[in-house]
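The block underneath contains the structure these notes are about, expressed in structure tokens.
The values are calculated or read from the model by the stated rules, or taken from the named source; none is laboratory data. Given the structure is predicted, the values throughout are model-derived calculations rather than measurements. Glycine also receives a Cβ, built like all others from the backbone with ideal geometry; neighbour counts cover every protein chain displayed. Surface accessibility is based on the protein's heavy atoms, side chains included, excluding ligands, DNA and RNA. Shrake-Rupley method; radii C 1.70, N 1.55, O 1.52, S 1.80 Å.
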There are 2 protein chains.
Amino acid sequence: MTTSITAVDVTTVQERVYRELRGALQQGRLVSGQSMTVRALARAVGTSEMPVREALRRLIAEGALIQAPNRSFQVIPMTPDRLVELTRVRVALEGMAARLATTNVDQELIETLTRLNAEMREAIEPTRADDVLRANQEFHFTIYRAAKSPQLLELIDMLWLRSGPYLADMLRGRMDAREIFRRGTVVHGRLIRAMARQDADGVARALTLDMERTAEFSMKHLTATATRPRRAAIAA
Amino acid sequence: MTTSITAVDVTTVQERVYRELRGALQQGRLVSGQSMTVRALARAVGTSEMPVREALRRLIAEGALIQAPNRSFQVIPMTPDRLVELTRVRVALEGMAARLATTNVDQELIETLTRLNAEMREAIEPTRADDVLRANQEFHFTIYRAAKSPQLLELIDMLWLRSGPYLADMLRGRMDAREIFRRGTVVHGRLIRAMARQDADGVARALTLDMERTAEFSMKHLTATATRPRRAAIAA
DNA sequence: TGGATCGATCTGTGATCACACGCAGCGGCA
DNA sequence: TGCCGCTGCGTGTGATCACAGATCGATCCA
């Protein structure tokens, strides 16, 4: 489903905890700024503290979590500055990946993208937030995988993990976020057509537009809810 | 000295081990492909296994190490494909950082860069490899820090950690690598002048040239020593 | 004498225990 | 009655122990 950063052949407990937390972050079940403790997570997943610690350490290294000084672990809070930076880097890297992908276009890729975009469109109106986000992510990563550059894919994956929690939380909170995703599917269509004719510039242009629109909307939402403290339940 | 990715206020043992391993990687004391065990490292640094495991987990998450299936940890071996990918991404990100830095130029920055470039030049002829690499890295990161973008800096830092071990090892192994660094100092001079007149294009151009020359040389070295097995002593 | 098999050892992984420390809540003192 | 200090408690961190499995070497048999 999602791309794995450092795959381990045998499925270990630490790996399972890591994926669980990662999924929770991507689906917005762990919101920006939320804190958690090692012991609570260990109890929640039914293991000892050790695998949890290693999983948290990985997520910290990937920039998805931070460790407050002598305090518990928490999801990195999103700030306007951070959003600007993330968007800037993402535009560069994802644009590069999309350009590379145009050299590896085949019929199956176009069909997959078309199908995923349709799935996303159909999930918007009923506001099935999880499905929208999943289809959107799968759409983008289908392109990035087609770039056939593991290093690049890994970095992009890391950046999505950093902005994912906030994005997911935002989609849940605001009904008008649907408008952004609806317009996203239109841009996606333009992207697919550019991809079909292997138009690197066109693909990059559509992708950039997609990202910057989302970022612009996120920024408005972010400044509107800037100081609102969040305290969600620890669900894992 | 070097930029830290995820700083923790209180210096913990795990943090110390992490920095030690990181330094060993950057200085080439741990060469590409070398394997290590948790217990051996723990003995070497005089601690228990636990801090070592967490430090290794971090480095794996950062893409500096990998874990062979059911085997020990090892430094990711450099391959031609990997080198091409890393260079491509680095050109994009470091170029972006350098462009951003041109908007934050001041007299101190120019002086620092000039000094570091001189230090590097003076360390080449006596082949003080460590000093050359340190000055070179400090030169580059002085620029990247001036971009004032933590996210960008963090990613660049990660990429240097991935290519550092191989670079350091190469400089040690080949005397003619000095020629590359000597030419590098010339390009650095051009870069400094472009930086002084806030010429973003000029800075990016010089930087790209610097990186691609090094990559080209590395590629020759890599294909020449492709299948040579390395087995260095575990020094930590 | 050569090859196959068995076992000892080493390795990563997970669990449990011990400890220092920060924080909050309660009680004592002025 | 209000303020200050102390003491549990929870928390992250590190050490130690237990276990499964893979690897490599030695020994034994044909």
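The figures follow:
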| quantity | calculated |
| --- | --- |
| Loss of accessible area when B meets A, both sides summed, Å² nearest 100, probe 1.4 Å | 3200 |
| Cα pair distances of region A:151-223 binned at 5 Å [whole percent] | 3, 15, 21, 21, 21, 13, 5, 1 |
| Kirkwood Rh and Cα Rg combined as Rg/Rh, region B:13-75 | 0.92 |
| Zero-based 5 Å bins, Cα pair distances in region B:56-103, whole percents | 5, 18, 16, 18, 16, 12, 8, 4, 2, 1 |
| Angle in degrees between helix B:13-26 and the longest Cα principal axis of chain B, rounded to the nearest 10 | 60 |
| In degrees, nearest ten, helix B:80-101 long axis to first principal axis of chain B (Cα) | 50 |
| Charge dipole of chain B about the Cα centre (unit charges at C-beta), most positive-ward option of B:Pro51, B:Val13, B:Ala40 | B:Ala40 |
| Förster-model FRET efficiency, 22 Å R0, A:Arg128 and A:Val186, C-beta, rounded to 0.05 | 0.70 |
| C-alpha long axis of helix A:200-224 to longest principal axis of chain A, angle in ° | 40 |
| Nearby lysines by direct alpha-carbon distance to B:Lys220 (threshold 29 angstrom, same-chain neighbours under 8 apart not counted) | A:Lys148 |
| Derived scalar couplings ³J(HN,Hα) [region A:149-154; Karplus, 6.51 cos²θ - 1.76 cosθ + 1.60; whole Hz; x for Gly, Pro] | 9, x, 4, 5, 4, 5 |
| Contact order relative to length of region B:80-224, as percent, for alpha carbon pairs under 8 angstrom and 6 or more apart | 38 |
| Average beta carbon contacts from partner chains per residue of B:143-151, 10 Å cutoff | 3 |
| Isotropically averaged projected area of region B:1-122, using the convex hull of Cα atoms (one quarter of hull area), nm² | 10.3 |
| Paired Rg and Dmax values of region A:80-224, which use every Cα atom, in angstrom | 14.3, 44 |
| Compactness index (Cα Rg / 2.2 N^0.38 Å), the protein assembly as shown | 1.00 |
| Magnitude of the charge dipole, region B:80-224, Cβ model with Lys/Arg +1 and Asp/Glu -1, debye to 20 | 240 |
| Most positive-pole-ward Cα, B:Ala64, B:Tyr144, B:Ala24, against dipole of region B:6-153 from beta carbon charges | B:Ala64 |
| Inter-chain Cβ neighbour average for residues A:41-53, partner chain, 10 Å | 1 |
| With 10 Å bins from 0: P(r) over region A:144-185, alpha-carbon pairs, percent | 25, 36, 31, 8 |
